[in-house]
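The structure appears below as structure tokens.
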Protein chains: 2
Amino acid sequence: MRLSPRSSVRSSYRPRPMPAALRLVIGLAILVTVGTLTLMLPWMGAQRPLTWNEALFTAVSALSVTGLSIITPVSDLSLAGQIVLLLLIQIGGVGFMVMAVIVFQLLGRRITLTDRLALTDSMGLLVPGAIVQLVRRVLLTVLLIETIGAALLWIHWRDMLGPERALLYAIFHSVSAFCNAGFDLFSGLPQHPYGIPNDSTSLAILGTLIFLGGLGIPVLAELLTFWRIRFSLHTRITLTVVLTLVSIGAGGLFLTEQQPGHPLANESLERQIALALFQSISTRTAGFSAFQPLDELSPAGRLLTIVLMFIGCAPASMGGGITTGTFAVLMLAVGAYARGLASPQIGGRTLAPQTVRKAAAILTVSLLVVLTATWLILITHEASLDDALFEVVSAFATCGLSLQLTGELNLFGQLVICVMMFWGRLGALTLVVALAHQRPQLVTYPEEQVLIG
Amino acid sequence: MRLSPRSSVRSSYRPRPMPAALRLVIGLAILVTVGTLTLMLPWMGAQRPLTWNEALFTAVSALSVTGLSIITPVSDLSLAGQIVLLLLIQIGGVGFMVMAVIVFQLLGRRITLTDRLALTDSMGLLVPGAIVQLVRRVLLTVLLIETIGAALLWIHWRDMLGPERALLYAIFHSVSAFCNAGFDLFSGLPQHPYGIPNDSTSLAILGTLIFLGGLGIPVLAELLTFWRIRFSLHTRITLTVVLTLVSIGAGGLFLTEQQPGHPLANESLERQIALALFQSISTRTAGFSAFQPLDELSPAGRLLTIVLMFIGCAPASMGGGITTGTFAVLMLAVGAYARGLASPQIGGRTLAPQTVRKAAAILTVSLLVVLTATWLILITHEASLDDALFEVVSAFATCGLSLQLTGELNLFGQLVICVMMFWGRLGALTLVVALAHQRPQLVTYPEEQVLIG
Ligand SMILES: [K+]
Ligand SMILES: [K+]
């Protein structure tokens with residue numbers, strides 16, 4: 001180990017990422033603790049109080065907007081419990097960082113630059129500044145979209161459910177859809193054994209809410225608050241990737257699931273298209289299933305679903321996965337390598353080398369985490385490889401689609417899925433950065449080539 | 001799109017990678033054609049000539065040293081056919097690039113600098129020069145190792161098979177093991193329904209040959225031709241990763257496969273350890289199975305096997321997969337990101353940024369190719385997701401382990417697996433680079449940040 005004196009860098013010159021990542025982890029952990037304790041209160045359960053692991057699993061699933069569940073909310077939770085669940089989803093979806101800022105404001109403490117930067121990083125806003133105004137604007141936008149969605153759902157559902165019950169259901173499912181949470185109050189009702197009603201009108205309203213929530217705060221802000229001649233590179237990439245993935249998913253599911261024995265077999269062509277389209281949108285992280293029951297999914301459909309969940313939604317959105325941004329950067333890196341370019345290019349812009357490295361790290365960590373968790377589930381449960389992989393990816397991508405394995409998990413399996421949801425909502429690298437030993441780079445070493453692939 | 005005039009680079013200043021990649025693709029395609037036509041000759045079959053698709057599949061599998069097979073070599077091939085198979089394995093294993101150099105020499109043509117660089121790239125030698133001498137040295141080393149292996153196998157097998165038949169078997173399996181090809185002449189014999197004899201002596205000899213072949217030519221050259229005080233970074237990384245993966249694989253398989261109903265259930269502890277160790281070494285690309293029958297593998301064992309196959313062997317070795325080098329670079333990139341370092345570091349050396357980008361491209365392309373091929377198999381066959389994924393990864397990583405799906409493939413499925421083996425032997429990016437439209441980079445664009453994960 002030789003020291004190269006010319007290249008020593010003093011650590012004080014570099015922003016150190018640890019505090020922000022660690023703060024995010026601790027913040028989510030506190031929210032999970034509060035949520036778990038609240039759900040354990042005696043009057044939150046319908047017939048009996050929730051056990052600690054039911055409360056923990058539900059709190060993590062709601063705060064990470066995943067939607068996997070070991071309880072049946074409509075029959076196991078009281079009205080109070082259902083409202084707490086709704087609040088946890090809203091807090092988890094709109095972002096605990098936004099909440100943190102508001103709490104800071106209410107407490108009268110000024111927001112420090114570090115906090116501002118942490119929030120900027122977490123919400124995916126690359127240019128700091130005017131955070132508080134932006135948070136207000138985001139919250140107003142979220143509430144506006146959710147209110148419109150709830151109103152439409154109420155109009156559509158009021159005859160089926162009666163006006164009062166329809167109000168709770170409209171608000172709950174509008175929030176759950178926009179936040180891409182995937183919790184519903186239908187599963188468990190005799191007339192809805194497989195969850196949300198999958199008539200085309202319900203799917204259209206819910207699908208639109210899911211789609212908007214999955215675009216992410218920066219894209220929504222750009223789309224809703226000012227129309228420009230030219231969107232930012234991030235918005236253009238996100239829209240391109242999202243529309244491509246939705247099309248591939250809908251086309252693939254339409255192709256494989258209309259075979260006999262699979263979910264689209266007995267539907268009309270229009271319904272096949274509508275159901276495949278909604279399922280493709282929802283798979284990328286919302287977790288509502290228009291395919292009922294979902295475990296009729298063909299092996300090809302399972303593979304496509306796993307891949308779509310793993311890629312997930314836009315960065316800084318309601319959804320999880322490696323994100324469409326990571327996916328786009330990796331594809332651009334492949335294209336640049338194949339064509340012999342010095343660096344990836346898109347739309348008249350060059351990507352920074354650090355972006356490619358971060359994308360590689362996200363993909364690697366995500367694969368390692370998902371595969372390790374799947375292995376842990378498999379050695380402790382009688383489950384097939386594809387069922388276990390499906391459930392773990394669904395948790396890590398905070399999607400919430402389930403082939404029913406979650407309901408059969410033992411305590412260890414429940415904790416593994418909890419860790420996946422927690423890790424996934426923070427993002428693949430946040431926990432790694434928070435737990436790593438940060439060290440200032442005092443030396444640089446000479447380069448040496450290593451052979452790869 | 002704005003042109004940035006200061007950064008235009010004239011294409012003639014940059015080595016253009018296309019010719020080398022394209023030459024590799026065409027070279028392998030020619031070898032496959034010659035191998036297929038040779039195997040279609042009437043006297044190559046035992047009872048009947050091979051069909052064109054049997055000959056093609058066998059030629060691709062042998063030249064890519066994969067070992068997947070839709071025929072049973074011992075009963076479907078004549079002695080002449082078995083010798084041709086042996087030669088195809090040897091040519092595929094030692095590398096068609098080495099062969100190309102020798103052909104050039106025999107034809108009396110001087111090796112151009114371009115060819116020299118192509119060979120250097122293909123064999124993973126980063127410093128050009130003295131190629132011809134090195135090729136001679138590599139060939140001598142290969143023949144020496146294979147001869148020692150064959151002698152040991154003959155001594156061990158001569159009582160079981162008789163001295164004459166043992167000679168053919170010893171040579172065939174020594175070459176097949178060292179080249180990590182995975183073809184055997186035992187499958188189909190009544191006393192060996194599941195392939196190679198899995199007594200501990202046979203496993204020790206074959207395992208050593210597989211291990212040496214899997215280290216790759218650069219590491220072997222360093223280990224065998226000159227002992228230094230300090231190995232190169234590449235050799236140190238390769239040995240570390242290989243030994244780690246072998247340990248994880250053996251430990252994981254030992255843990256899960258001794259459960260009732262799985263391959264190690266009825267073995268003594270010593271045999272469990274020996275079988276798990278051999279299987280771990282062989283899984284990373286050789287494709288001989290000590291677990292007999294292999295389809296008793298537990299779901300956890302299947303997952304571990306798929307991951308080990310996907311990572312594969314060292315670069316420029318007899319094996320495939322994304323390679324241990326790519327795996328190491330990706331892990332180092334994660335570590336560097338987590339600790340806030342500007343660039344990945346290992347053993348007092350810094351990795352070049354282009355190395356990380358290439359590793360990301362290899363992982364991305366490999367995942368896309370494997371998942372697409374699995375989907376294509378699933379929509380055209382009645383197969384489960386894990387069976388199809390196992391077989392496709394086995395082909396792409398040129399491993400050759402099989403859960404018996406290969407024997408049931410229709411013509412389309414056989415072609416998909418052929419493409420996987422061909423692509424895998426070339427390396428994930430070679431075909432992409434060969435097919436891409438290379439363009440000189442005449443402009444650079446301004447950088448813009450893109451959000452990811
Ligand atoms: K969800
Ligand atoms: K092989």
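For B:T240, inter-copy separations between label points set 7 Å beyond Cα along the Cβ vector come to 3.8 nm, shortest first.
The 1.4 Å probe gives accessible areas that order A:L22, B:L401, A:L435, largest first, as A:L435, A:L22, B:L401.
A simple charge model with +1 on the Cβ of Lys and Arg, -1 on the Cβ of Asp and Glu and nothing else charged puts the dipole of region A:15-435 at about 1940 debye relative to its Cα centre. Only protein heavy atoms count here, probed at 1.4 Å, and on that basis chains B and A bury about 8000 Å² of accessible area in total.
Distances longer than 19 Å among the Cα atoms of region B:301-389: what percent of all pairs is that? Across region B:301-389, Cα pairs with separations above 19 Å total 51 percent. Counting only heavy atoms of the protein chains and using a 1.4 Å probe, A:L378 has close to 10 Å² of accessible surface.
Partner shielding of A:363-370 amounts to 4, given as the average count of beta-carbon atoms from other chains within 10 Å of each residue beta-carbon. Given all pairs of different Cα atoms, what value in angstroms does the Kirkwood hydrodynamic radius of region B:243-358 take? Every distinct Cα pair counted, the radius reaches 15.5 Å.
In this rough spin-label picture, where each label sits 7 Å from Cα along the Cβ direction, the B:I273-A:E267 distance is 5.7 nm. Residue by residue along B:274-280, Cβ atoms of other protein chains within 10 Å of the local Cβ number 0 on average. Projected over every direction and averaged, the convex hull enclosing the alpha-carbon atoms of region A:15-435 yields 21.2 nm². With one equal scatterer per alpha carbon and no solvent term, the Debye-computed log10 I(q)/I(0) for region B:283-338 at 0.26, 0.27 1/Å reads -0.98, -1.01.
All other residues whose Cβ lies under 13 angstrom from that of A:S174 are scored, Lys and Arg at +1 and Asp and Glu at -1, for a net of -2. Placing a label point 7 Å from Cα along the Cα-to-Cβ axis, B:P163 is separated from the same position in the other copies by 10.3 nm, shortest listed first.
Distance to the A-onto-B rotation axis is smallest for one chain A Cβ; residue and value in angstrom are A:A360, 2. Orientation-averaged projection of region A:231-307 equals 5.2 nm² [convex hull of Cα atoms, one quarter of hull surface area]. Accessible area per residue for region B:15-435 is 38 Å², calculated with a 1.4 Å probe on protein heavy atoms, without ligands, DNA or RNA. Counting every alpha-carbon pair across region B:178-310, the share separated by more than 25 Å comes to 28%.
Set Lys and Arg Cβ to +1 and Asp and Glu Cβ to -1, take the dipole of region B:249-352 about its Cα centre, and tell me which of B:G335, B:H262, B:F278 lies farthest positive. Positive-end residue among those listed: B:G335.
Ranked by solvent-accessible area (1.4 Å probe, protein heavy atoms only, all chains present), the residues A:S176, B:S232 order from largest to smallest as B:S232, A:S176.
With label points defined 7 Å past Cα in the direction of Cβ, position B:L411 shows copy-to-copy spacings of 5.9 nm, given to one decimal and shortest first.
Judged by the mean number of other Cβ atoms found within 10 Å, the most tightly packed of the peptides B:36-43, A:69-76, A:81-88 leads the ranking A:81-88, A:69-76, B:36-43.
The values are calculated or read from the model by the stated rules, or taken from the named source; none is laboratory data. Predicted model, so just to flag it, every value in this text is computed and none were measured. Here the Cβ is made from the backbone with ideal geometry for all residues, glycine too, and neighbour counts use every protein chain on show. These accessible areas exclude ligands, DNA and RNA; they are computed on the full protein's heavy atoms, side chains included. Shrake-Rupley method; radii C 1.70, N 1.55, O 1.52, S 1.80 Å.
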